[in-house]
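> Here it is, the structure in full.
The values are calculated or read from the model by the stated rules, or taken from the named source; none is laboratory data. Everything numeric here is computed off the predicted structure, so don't read it as measured data. Cβ coordinates were reconstructed from backbone atoms using ideal geometry, including for glycine residues, and neighbour counts include every protein chain displayed.
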Amino acid sequence: MIKSEKREMKQGSGDAMAAAFELVATPAIFGFLGWLLDRKLEIFPICTLVFVAVTITYASWRLYKQYTLRLTQEAEQRRETWLLGSENVN
């Protein structure tokens, strides 16, 4: 495996770990804040559930948008490479 492939694989692993951490840590933090607010207002578990649901929904939507953008960019690069390769043959 050449160095650029190793670097790309490590970058992909790092991106996956960051996304996983974001999907777990952010709702946990907001859930804790919701729990504190629920205790203060004595309305447990309304704020906790709302905060967690909103953050999970937003984080999932954000990851989906990043994934589709990256997928579109990769497809465009492959298309350009393919077109350049077919021009060199003719």
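> Just to be sure I understand, how many residues within the range 33-90 are among the small types (Gly, Ala, Ser) and surrounded by 11 or more Cβ atoms within 10 Å (Cβ to Cβ)?
Of all residues in the range 33-90, those among the small types (Gly, Ala, Ser) come to 34, 53, 59-60, 75, 85-86.
Filter again for surrounded by 11 or more Cβ atoms within 10 Å (Cβ to Cβ), leaving 34, 53, 59-60.
Count: 4.
> Of all residues in the range 1-27, count the ones that are of a type in the set (Gly, Ala, Ser) and surrounded by 12 or more Cβ atoms within 10 Å (Cβ to Cβ).
Let us first name the residues in the range 1-27 that are of a type in the set (Gly, Ala, Ser), namely 4, 12-14, 16, 18-20, 25.
Among the residues that remain, those that are also surrounded by 12 or more Cβ atoms within 10 Å (Cβ to Cβ) are: 19, 25.
Residues meeting the conditions: 2.
> Tell me which of these Arg70 doesn't satisfy, since it passes every other one: (1) assigned to a helix (DSSP H, G or I); (2) more than 18 Å from Ala16 (Cβ to Cβ); (3) at pLDDT below 95.
Of the numbered conditions (1) assigned to a helix (DSSP H, G or I); (2) more than 18 Å from Ala16 (Cβ to Cβ); (3) at pLDDT below 95, the odd one out for Arg70 is (2).
> Does Trp61 satisfy the condition of being out of contact with any helix residue (DSSP H, G or I) (no Cβ under 8 Å at 6 or more places or on another chain), at pLDDT below 95 and among the aromatic types (Phe, Trp, Tyr)? Reasoning before the result, please.
On the way: out of contact with any helix residue (DSSP H, G or I) (no Cβ under 8 Å at 6 or more places or on another chain): yes; at pLDDT below 95: no; among the aromatic types (Phe, Trp, Tyr): yes.
For Trp61, the condition - out of contact with any helix residue (DSSP H, G or I) (no Cβ under 8 Å at 6 or more places or on another chain), at pLDDT below 95 and among the aromatic types (Phe, Trp, Tyr) - is not met.
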